[in-house]
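What follows draws every value from the coordinates through simple rules; no lab data is involved. Everything numeric here is computed off the predicted structure, so don't read it as measured data. Every residue, glycine as well, gets a Cβ built from its backbone with ideal geometry; the counts of neighbours run over all protein chains shown.
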Amino acid sequence: MKTSLQQSAVLRQELRMNPRLYQAMDLLYMPVLDLQQHLKEELETNPFLEMAEGEEQEPQETRETAEQKEKEREKEREDDEMNWEEIILDGFRVGGARGGYEEREFYEPVPVQTRDLADHLRDQLQLLDLSPRQLFLSEEFIGNIGEDGYLQATLEEIVHGGNAVLEERYDLIQDGAGPPEVFTLEEAERLLKIIQRLDPPGIAARDLRECLLLQLEESQQTATLTYRLVNEAFDDLIAHRWSELAKRYGLEPREVQDAADELAKLDPKPGLQYQSTADTYVVPDLVVEKIDDEYRVFLNDGWMPRLRISKIYQDIAGDRKKFQGQNREFITEKLNSATWLIQAIEQRRQTMLKVMNFIVDRQRDFFEKGIEHLKPLTLREVADVIDMHESTVSRVTNQKYCQTPRGVYPLKFFFSSSLGTTTGEDASSRAVKAQIQKLVTDENTGSPLTDSAIVKALKERGIQIARRTVAKYRDQLGILPARMRKRV
C-alpha cells in the first residue's frame, strides 16, 4: 500500500453556535444569586458598563440642588474620563477603581467549618484509657463509619487495612522495643464493643437490627418486649406480622403492636445528627401576588444591579483620532459586549415573565384550591405558546423558584405528566398523588385501603388509573402496603 498526501475540496453545511449565544443560554440557566454575581464580575471587567440610577424614584429637587448635583456629576465625569484614558493607553488594565462601585460590593458569607461525626468520636476515644494499639486501630474503624453512623466494612477488612498500614509504618505504635504484633480479629471485636458504647447510641452498628439493639441497651430496656421482638423476631417485626408474633409470645396483637411502636422513638440513622451540612437559602426569582382577584407576576430583581452603557466612555470611544489599532479593537469589543449583555438580560427577564404568566394562567385552580387541582403541563406546551424552543423553557425553569400565596415552589413543580379522566380532561400525576396521600391519611386504620380500593375511590372521582400505577405512586410517597398499615 502506497501512502501519499492529497488535497480535496468538500462543500458541507455546519451549525456553529456563536459564543454569545452560549452566554445567553448560560444567563437563562442562572438562578438569581448566580446572575447577581455574574453581573458584578461584568461591572468590574467591562468599563463601558455602569450602575443605572433610579431617577424616576427621586423626589422633585429645587433648582439650586439640581445645579449642585449636576456640578458634582460633571466633576465625576472629568475624573472618570481622565482615569479611563490613562487606563486604555497603559495596556488595557481595566480592573481598577470604577467610580464608587466598591461601595456596592456584594459580600458572600464564608461557611464556618463544624465538627463532624469523626471528630466527635475521636474526642470521646481520647478520654478513654486505651493503648496506642487500640487508638491506632480505632482510626481504621472511624474511617469506615458512614455519615449515617453505620460501619461500612467487615471486621476482616478493618483488620486487613490496619495491618497493611502497620506493615509500612510500625513506628506509629510505640508499645515495645521491636515491631508490634499484627492485629487479630478478636482484638478488633473487643474494640468494636468499646466504640459502640460511644455517643450517639447505635453508632458503628453493622445493620438496622444491631443499631436498634444498641440503643435499647443504652436506655436499659433489655427486659422489655420491644427488645425481645428486635432480638428474637426481627424479620416478623419489620413485616408487621402482629398475629403471628402474638401467638408466639402468648400475647394480644395490640400488646405486640404497642411494643413495636416504641421503636419509633429510636434513631435508625444516628450519625446524621452530626452531619455537617451548609444552610441552603432559596431566593425566589419570581413573585406571584393576587391583586384585585387577578394573579400578577413580578420578577424578584429589585436589588439586582441595573446596567447601562456609560455615556462618558461611549463618548471617548467615539473619538476615532485618539484610539487606533489594538486600542480601537479593544474599545469596540468591550462596547459591543456591554450592549449585548444588557440586551441579553432584558431578553431573560421577558422570557421568564412569559413562561411564568402562562403557568399562572394554566394553574389558576392550584393557586385558588390547592395541589389536588394541579393540571398536567409539559415543557413543549409552554414552548409552543410562547413561541420558543423546548430547551429554552427547560433552562428558564431549571433551578428557579417562585414565591406564591401558597408558598415557595420550584418552577419544575408546576410540570407533570397527565392521566385520563371520565370527563375527557387530563389530570396531573402530582395532583393524583396528593389525592392518594389524602385517601390514606383519612382511611380507617383498622381496615386500610388496598391499592384496588384506592383505584375504585379515584374512579369515583373521575380519574382512570391502573392498580400498578397506584402502587408505584404509593411507593414514591413512602406509603406502606395496606397489610403493613393495618392497626389492631
1/(1 + (r/R0)^6) with r = Cβ-Cβ of Q152 and V488, R0 = 30 Å, i.e. FRET efficiency to nearest 0.05, evaluates to 0.20
Using the Karplus equation 6.51 cos²θ - 1.76 cosθ + 1.60 (θ = phi - 60°), what ³J(HN,Hα) coupling, rounded to whole Hz, does each residue of region 121-127 give in order, writing x for Gly and Pro?
6, 4, 4, 6, 5, 5, 7
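R349 to K290: FRET efficiency via 1/(1 + (r/R0)^6), r the Cβ-Cβ distance, R0 25 Å, to the nearest 0.05? Walk me through the numbers on the way to the answer.
Details: r = 22 Å, r/R0 = 0.87.
So, using R0 = 25 Å, E works out to roughly 0.70.
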Along the Cα→Cβ direction, 7 angstrom out, place labels at L208 and L127. What is the inter-label distance in nm?
3.2 nm
